Amino acid sequence: MEHITLLLAIVVVTALVFDFTNGFHDTANAMATTISTGALKPKTAVAMSAVLNLVGAFLSVEVAKTISGGIVNENGLRTEVIFAALVGAILWNLLTWLVGLPSSSSHALFGGLIGAAVMSAGWSSINGGTVVTKVLLPAIAAPLVAGLAAMLAAKLTYRINRNVTDENQLKSTAKGYRAGQIASAGLVSLAHGTNDAQKTMGIITLALVTGGVLAPGSNPPMWVIVSAGVAIALGTYLGGWRIIRTMGKGLTDLQPPQGFAAQTSAATVILASSHLGFSLSTTQSCSGAVMGAGLGRKGGVVRWSTATRMFVAWGLTLPAAGLVGAGAEFLTKQGPWGITATAILLVGGSFAIWLASRRQPVDHTNVNDTEDATADEPRGVVTTAMAAVAPPPTASAVSDLSATIPAPAAAPDDTPRPAATV
């Protein structure tokens with residue numbers, strides 16, 4: 001580490017700041033459904049997720065090698081390019097966090113890196129084949145696969161328990177699914193650490209290669225692995241409450257069996273991709289799984305207005321972060337004053353977004369609040385248990401039931417009474 005220059009040190013610190021934003025931006029991936037269904041208290045959930053993200057950071061370096069030596073050509077790459085890429089990624093992460101949209105931190109990083117590299121050395125600096133096979137294709141396939149798996153798992157769960165009617169069995173089954181949610185949420189957190197923490201390891205390793213500290217093709221040093229793991233764990237513990245609200249309550253209303261199905265499906269997809277070195281978006285995988293689980297329950301719905309906003313954010317992430325990264329690289333090419341101006345813009349923009357977020361704070365005390373007041377009405381233990389294993393009656397069933405109940409006889413004063421309703 002004795003060869004690290006001031007500029008390289010700034011890049012390393014900026015990369016860890018991105019890792020921190022990645023942590024609180026993506027906390028919702030693991031814990032949104034667990035929090036929304038009440039399986040864990042909010043602060044307990046994010047603490048558990050933070051610890052498992054840290055553990056996951058030590059399990060593999062395959063994704064880190066994809067970032068450090070696959071997307072862009074290392075030869076001739078300037079350290080300033082890495083700094084510009086991180087500026088684009090951090091600002092996009094903060095902006096989407098402000099509006100509560102679960103966009104991809106991974107694609108923000110890729111977009112910033114591609115935009116900055118193209119501004120610095122042209123399109124020849126990008127390995128198009130790697131971008132297509134290990135970034136774009138997984139981005140399309142991951143949410144579809146996770147969503148389909150979650151939908152089928154949720155349908156199977158409700159089918160298995162359709163004949164459960166005993167009150168004690170209902171309560172026992174409900175507790176079992178809540179325990180399963182906790183275990184599957186832990187698995188998602190572990191998977192997130194194996195995939196997303198490595199992206200920062202890869203970007204720091206790439207910066208060390210461009211600065212001449214490491215040879216091309218080197219694995220991340222241990223101090224890089226430790227620092228990246230700690231940064232993402234701290235960010236996760238902070239809790240991205242705005243995005244947790246969107247994924248937990250904004251996309252669909254989940255019951256414990258659906259939450260268990262969503263989290264297990266997402267974790268399987270993420271762990272498999274980490275093993276293969278595919279740097280997919282954990283956000284897209286988990287969001288797809290949540291929507292799939294929402295459709296897996298009879299009568300379940302997805303709020304497509306929220307989903308559409310999310311899809312738009314996914315599509316904009318790569319180009320938007322790329323444009324910011326390219327603009328930042330244009331400034332850094334001007335020399336020391338340009339690097340200073342870029343740093344000032346990063347700090348000023350981050351502070352402005354934070355101030356905007358204080359107008360309507362969202363934290364662990366109100367993360368489960370919704371605009372519909374009835375969503376927060378207390379429910380009895382038996383009612384909750386029954387809801388956990390049996391879908392609610394459909395509108396047509398309620399209509400059929402109400403049709404069988406006659407209107408009451410007229411009152412003694414012959415004043416007509418309204419028909420009974422259910």
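The values are calculated or read from the model by the stated rules, or taken from the named source; none is laboratory data. Quick caveat: nothing in here was measured; it's all calculated off a predicted structure. For neighbour counting, all protein chains shown are included, and Cβ atoms are generated from backbone atoms with ideal geometry for every residue, glycine included. To get the accessible areas, we keep the full protein, side chains included, count just its heavy atoms, and leave off ligands, DNA and RNA. Shrake-Rupley method; radii C 1.70, N 1.55, O 1.52, S 1.80 Å.
Against the conditions (1) modelled with pLDDT of 75 or more; (2) under 21 Å from ALA228 (Cα atoms); (3) among the charged types (D, E, K, R), where does GLU62 fall short? Just the number, please.
(1)
Can you pull out every residue in region 73-102 that is surrounded by 21 or more Cβ atoms within 10 Å (Cβ to Cβ), farther than 24 Å from VAL213 by Cα and of a type in the set (Val, Ile, Thr)?
The answer is ILE90, THR96.
When you look at VAL164, is it among the aliphatic types (A, V, I, L, M) and at pLDDT below 80, yes or no? Give the derivation first.
Working: among the aliphatic types (A, V, I, L, M): yes; at pLDDT below 80: yes.
Considered against the rule, which asks whether it is among the aliphatic types (A, V, I, L, M) and at pLDDT below 80, VAL164 comes out as yes.
Only one residue in ALA179, ALA153, ALA117 is under 20 Å from GLN284 (Cα atoms) and part of a helix (DSSP H, G or I). Which one?
Numbers: ALA179 fails: under 20 Å from GLN284 (Cα atoms); ALA117 fails: under 20 Å from GLN284 (Cα atoms).
From the options ALA179, ALA153, ALA117, the qualifying one is ALA153.
May I ask you to list the residues in region 9-35 that are surrounded by fewer than 24 Cβ atoms within 10 Å (Cβ to Cβ) and touching an Asp or Glu at 6+ places or on another chain (Cβ under 8 Å)?
none
Taking the stated definitions as given, is GLY147 at negative phi and surrounded by fewer than 16 Cβ atoms within 10 Å (Cβ to Cβ)? It would help to see each step written out before you state the result.
Values: at negative phi: yes; surrounded by fewer than 16 Cβ atoms within 10 Å (Cβ to Cβ): no.
So GLY147 fails the test.
Across region 234-255, which residue is nearest to TRP97 (Cα to Cα) among those that are at pLDDT 75 or above, open to solvent by less than 10 Å² (accessible area, probe 1.4 Å) and not hydroxyl-bearing (Ser, Thr, Tyr)?
The selected residue is ILE243.
Out of (1) on the phi > 0 side of the Ramachandran plot; (2) free of Cβ contacts under 8 Å to residues at least 40 places away in the same chain, what's the single condition that is false for GLY100?
Exception for GLY100: condition (2).
Answer yes if at least one residue in region 165-175 is of a type in the set (Val, Ile, Thr), more than 23 Å from the chain's Cα centre (by Cα), more than 19 Å from ILE82 (Cα to Cα) and surrounded by fewer than 16 Cβ atoms within 10 Å (Cβ to Cβ), and no otherwise. Before the answer, list the steps.
Our first condition is that a residue be of a type in the set (Val, Ile, Thr); within region 165-175, this holds for 165, 173.
Next, from what is left, pick out any that are more than 23 Å from the chain's Cα centre (by Cα): 165, 173.
Next cut, more than 19 Å from ILE82 (Cα to Cα) only: 165, 173.
The next check asks that each one be surrounded by fewer than 16 Cβ atoms within 10 Å (Cβ to Cβ); those that pass are 165.
Within region 165-175, one or more residues are of a type in the set (Val, Ile, Thr), more than 23 Å from the chain's Cα centre (by Cα), more than 19 Å from ILE82 (Cα to Cα) and surrounded by fewer than 16 Cβ atoms within 10 Å (Cβ to Cβ).
Within region 103-111, is there a residue that is surrounded by fewer than 22 Cβ atoms within 10 Å (Cβ to Cβ) and of a type in the set (A, V, I, L, M)?
Taking region 103-111 and keeping what is surrounded by fewer than 22 Cβ atoms within 10 Å (Cβ to Cβ), we get none.
No: zero hits.
Since GLY212 meets every condition but one in (1) open to solvent by 30 Å² or more (accessible area, probe 1.4 Å); (2) assigned to a helix (DSSP H, G or I); (3) small (Gly, Ala, Ser), which condition does it not meet?
The one condition GLY212 does not meet is (2).
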